Amino acid sequence: MGPPGAGKGTQAKAVAGHFEVPAISTGDIFRANVSGGTPLGVEAQKYMDRGEYVPDEITNNMVRGRIAEPDAEKGFLLDGYPRTLSQVTELDAMIDATGHRLDAVLVLTVDQEALLGRLLKRAETEGRADDTEDVIRRRLEVYTAETEPLIAVYAERGLVVSVDGMGEIDEVQQRIFDALDDIPQS
Ligand code: AMP
């Protein structure tokens, strides 16, 4: 978890490789559907273009389907999910049903001031449709209102591992590996 621009996507791929599990990124799945012009993509794009969250029901159903695939049988890393309280509850149910358990909730902490700059830079390099300044501001607001409070929910369960997300990609990656290697895996 962490705000837009914290480096979740980049680090998720590295962590998933390290633990040999798939990285399941809801943002990537939505973007692939948008590019492919699927009905899910058409629906999701309405929200993504405005910096709003795709409705929980759509998102939850998509994740339920994805974690039921064979490559996720031995575990998985979720990137960008859950983002709302309803998604937390649904994820608990999905995990119970599949016999998994949550090992850790990794939180990347970043200097709020650095985020806008990072995201505007990404807009230049990656050309994401939702990386315009107005949409970025909305995404940061939505994160603060809807998702940041979930950290406390997981902290109560003793699952939160906080890592400083500032610095070079490799440095942050090493901090994450050091922090996660201490955690018992299910
Ligand atoms: P991301 O790549 O994780 O920043 O996600 C890009 C966009 O996809 C978000 O701004 C949302 O519109 C949508 N999205 C991704 N994950 C979720 C989620 N868990 N719940 C709702 N919308 C999501």
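The values are calculated or read from the model by the stated rules, or taken from the named source; none is laboratory data. As the structure is a computational prediction, the values presented were derived from the model and not from experiment. Please note: Cβ atoms are built from the backbone with ideal geometry, for glycine as well, and neighbour counts cover all protein chains shown. What goes into the accessible areas is simple: the full protein's heavy atoms, side chains included, and nothing from ligands, DNA or RNA. Shrake-Rupley method; radii C 1.70, N 1.55, O 1.52, S 1.80 Å.
The 1.4 Å probe gives accessible areas that order Asp181, Asp170, largest first, as Asp170, Asp181.
Residues in the chain average 53 Å² of solvent-accessible surface per residue, probe 1.4 Å, ligands and nucleic acids excluded.
Relative contact order for region 57-186: 31 percent, from Cα pairs under 8 Å spaced at least 6 residues apart, divided by residue count. Positive contributions from Lys and Arg (+1) and negative ones from Asp and Glu (-1), summed over other residues with Cβ under 15 Å from the Cβ of Leu150, come out at -4.
Under the convention that each Lys and Arg Cβ holds +1 and each Asp and Glu Cβ holds -1, the size of the dipole of the chain around its Cα centre is about 340 debye. From most to least packed by mean Cβ count within 10 Å, the peptides 157-168, 13-24 give 13-24, 157-168. Between the amide H of Val105 and those of Val160, Val161, distances stay under 5 Å, these residues lying 5 or more places away or on another chain, with hydrogens modeled in the peptide plane.
Could you tally the net charge around Pro22, taking each other residue with its Cβ under 12 Å from the Cβ of Pro22, Lys/Arg +1 and Asp/Glu -1? Local net charge: -3. Of interest is the spacing of the C-alpha centroids, which for region 99-150 and region 42-80 amounts to 16 Å. Each peptide in 36-43, 88-95, 149-156 was scored by the mean count of other Cβ atoms within 10 Å over its residues; highest first, the order is 88-95, 149-156, 36-43. For region 3-12, 3J(HN,Hα) computed residue by residue from phi via the Karplus equation (6.51, -1.76, 1.60; θ = phi - 60°) reads x, x, x, 6, x, 4, x, 4, 6, 4 Hz, glycine and proline entered as x. Projecting the Cα atoms of Val42, Val153, Ile29 onto the charge dipole of region 8-180 (Cβ charges, centred on the Cα centre) puts Val42 farthest toward the positive pole. Taking a ≥ b ≥ c as the square roots of the eigenvalues of the Cα gyration tensor, region 8-180 is classed as rounded, since a/c falls below 1.5. With contributions of -39500 (n - 2.57) from each DSSP H run of at least four residues, the per-residue ellipticity at 222 nm computed over the chain stands at -17500 deg cm²/dmol.
At a 1.4 Å probe radius, carbon and sulfur cover how many percent of the accessible area of the chain? Reported share for carbon and sulfur atoms: 51 percent.
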